[in-house]
Amino acid sequence: MPAIKFNAHKKFHLLQSKTRIWESCNEQLEHYRIIFILSGQGKFILDGEICCYFQKGIIFLRPGQQPIFQEDKETEIFVIAFDTYLAEDFQKKKLFSPDFADTYKQAENLCNNFVLIQGRPIPNEREGKTITYMIVQILFELGQQPASHLKMIKGCIEMIVTVLARNNYRSQPAENQHKESELTESIIEYIKGELLQKKTIRIPNLLLMFNISEEVLNLYIMNRTGMSLRNFIFKFKADLFKAQMLKVDIGELVGYL
């Protein structure tokens, strides 16, 4: 099967191919990349270490990293490369490309701070199937290419990155999980308190107060509520207004907490 390539300018690059074909081209080397093992198993060398890979396994790569796979004609991979165009002056560029910027930053954080084991499937089998389904959907869209295919592909990539981030978070040591859980609860309680007093939440002030980046804060809120920070604030404000209109306690309406 010939290699399948697709490029979304200054956002992401996709490639489905055999490992030996992928190793011969370095056009994605400068980007953050996530490799999905579609078929085959074996070993690869990365930064001088020998690792095993399995079907449905995942490999996270920073710019400049290039694994060397053992010669295996059966190994087929799917690569999502996140264009590092957004890496410099991120906040400024985010204003011009808001639809993919947060997904890029989340993928960057994953590749720099992964806890999942390189080359192995994620532990949660159900969510592993979700990732597989999203990849199949992306490949289908690449074959069909209707007017909406780019939007569908971006949506699938966003879902894949979210699932990986959630499982990477869950795979952290219990002590780290406890600290992050406490920090998340403190942030949520602070936001709720401010909104109950009809105060405006200023995200830069929030980041400074809790000494945290917006990307990590989004990840914590996403894992806790299933929403981004901004969506959580918007929904809580809407539910607060509804609770006041119905004259009920806000706690009766916020099932996501």
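The values are calculated or read from the model by the stated rules, or taken from the named source; none is laboratory data. The structure presented is a predicted model; accordingly, all values stated were derived computationally and were not measured. Every residue, glycine as well, gets a Cβ built from its backbone with ideal geometry; the counts of neighbours run over all protein chains shown. Heavy atoms of the whole protein, side chains included, go into the accessibility calculation; ligands, DNA and RNA do not. Shrake-Rupley method; radii C 1.70, N 1.55, O 1.52, S 1.80 Å.
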Given axes a ≥ b ≥ c from the Cα gyration tensor, I'd like to know whether the range 1-60 is rounded (a/c under 1.5), prolate (a/b larger than b/c) or oblate. prolate
Keeping all protein chains in place and using 1.4 angstrom, which order do Lys11, Lys151, Lys242 fall into by accessible surface area, from largest down? Lys151, Lys242, Lys11
Please list the non-local residues whose amide H lies under 5 Å from the amide H of Tyr53, H modeled 1.01 Å from N, same-chain partners needing a gap of 5 or more. Gly42, Lys43, Phe44
Pairs from Lys5/Lys151; Lys5/Lys56; Lys11/Lys151; Lys18/Lys56; Lys11/Lys43 whose Cα-Cα separation, in the structure shown, is over 24 Å: Lys11/Lys43
For Glu76, what accessible area in Å² do you get when you roll a 1.4 Å probe over the heavy atoms of the protein chains, rounding to the nearest 10? 30
Output ordering of 55-67, 155-167 (per-residue mean of other Cβ within 10 Å, highest first) is 155-167, 55-67
Excluding ligands, DNA and RNA, the carbon-plus-sulfur percentage of the accessible area of the range 188-228 with a 1.4 Å probe reads 53
Probe 1.4 Å - accessible area at Met152, Å² to nearest ten: 90
